[in-house]
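Trainee: One structure coming up, written as structure tokens, with questions to follow.
What follows is calculated from the coordinates using simple rules that are stated; it is not laboratory data. The structure displayed is predicted, hence computed values, not measured ones. So basically every Cβ, Gly included, is an ideal-geometry build from the backbone, and we count neighbours across all protein chains shown.
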Amino acid sequence: MAEYRLHCMKESGNANKVALMLALAGADWQPVWVDYFNGATRTDSFKGQLNEMGEVPVLEHGATRLTQSGVILQYLVEQTGKFGGRNAGENREILRWILFDNHKFTSFNATHRFLRTFKAPAEPDPAVIAFLRGRLEGAFAVADKHMQTRTFVADEQPTIADFSMMGYLFFPADELGFDIATAYPAIHAWKARIQALPGWQGPYDLLPSADMPRRALA
Ligand SMILES: N[C@@H](CCC(=O)N[C@@H](CS)C(=O)NCC(=O)O)C(=O)O
């Protein structure tokens, strides 16, 4: 059994944040597939044994079990000594971007992608999709402006703040519903710098698992 076990599915960009860190840090890890689409995260056993919040990712490391990608990423900095800040100021800057990511940058983008891409029992309300699209565009504009003058988001070196914000950026444009390369050139250039790091892989290679049913994409 690998040292780290990551409960996940490949469609989860939140799980991809952790997978990216594990891969780039050269950790010994394995994915454990969660049948999210069929409701596995909502079962009593998942909530009782893995995560009361009913979410992936969940990381198991020996007797330690952790949830929330931001907490897991910080734990992996402590374990590996890689991709953290070098002083208190840098660590605050990393936390600032992870909070922005969890509140706005990932959350609106992830929900927008999920509703438009994957099959759910009910058709998504176009007004909800439009609301999410507006909110994600606002968050992406903030990040694109920031990245016009930066190499990485929180430091001159790559940190867990980059991996957190990268969680959903390598999914295909037809899933996201927009093309990062044309809409957000500074984010696109930042992606290329992350992609060039030794050990990088996209989510559909890092997290092998069954496919979730999809809508016919427009
Ligand atoms: N802030 C959490 C978000 C986790 C999250 O939203 N996970 C999704 C999959 S990407 C999930 O498991 N959702 C289950 C649900 O909402 O029922 C993190 O960063 O770990």
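Trainee: Enumerate by residue number the GluC sites (Glu not before Pro) in the stretch 1-100 meeting two conditions: DSSP loop (anything except H, G, I, E, B), and at most 14 other Cβ atoms within 10 Å of the site's Cβ.
Mentor: Those satisfying the criteria are GLU3, GLU52.
Trainee: Efficiency by 1/(1 + (r/R0)^6): what FRET value for ASN87 and THR151, r their Cβ-Cβ distance, R0 = 22 Å, to the nearest 0.05?
Mentor: E between ASN87 and THR151, to the nearest 0.05, is 0.75.
Trainee: Could you grab the relative contact order for the stretch 69-201? Cα pairs under 8 Å, six or more apart, rounded to a whole percent.
Mentor: 30 percent
Trainee: Could you list THR80, THR182 so that the one with the fewest beta carbons within 10 Å of its beta carbon is first and the one with the most is last? Please report the intermediate quantities before stating the final value.
Mentor: Values: THR80 15, THR182 9.
Going from sparsest to densest Cβ surroundings: THR182, THR80.
Trainee: What is the distance in Å between the Cα centroid of the stretch 182-207 and that of the stretch 6-60?
Mentor: The two parts, judged by their Cα centres, are 21 Å apart.
Trainee: What whole-number volume per residue, in cubic angstrom, does the convex hull of the C-alpha atoms of the stretch 45-190 give? Walk me through the numbers before you get to the answer.
Mentor: Values: hull volume 18.7 nm³, N = 146.
Considering the Cα atoms of the stretch 45-190, their hull volume per residue is 128 Å³.
Trainee: Could you list ARG96, ARG135 so that the one with the fewest beta carbons within 10 Å of its beta carbon is first and the one with the most is last?
Mentor: ARG96, ARG135
Trainee: Also, quick follow-up: In the neighborhood of LEU99, defined by Cβ-to-Cβ distances under 13 Å, what is the net charge if each Lys or Arg adds +1 and each Asp or Glu adds -1?
Mentor: Cβ neighbours under 13 Å give a net charge of +1.
Trainee: Once Rh is set to the Kirkwood radius over Cα pairs, what Stokes-Einstein translational diffusion coefficient, in µm²/s, holds for the stretch 30-71 at a temperature of 4 °C and a viscosity of 1.567 mPa s?
Mentor: 121 µm²/s
Trainee: List the DSSP H helices in the chain whose Cα atoms stretch 20 Å or more along the helix axis and whose mean Kyte-Doolittle hydropathy is at least -0.5.
Mentor: In the chain, the long hydrophobic H runs are 126-147.
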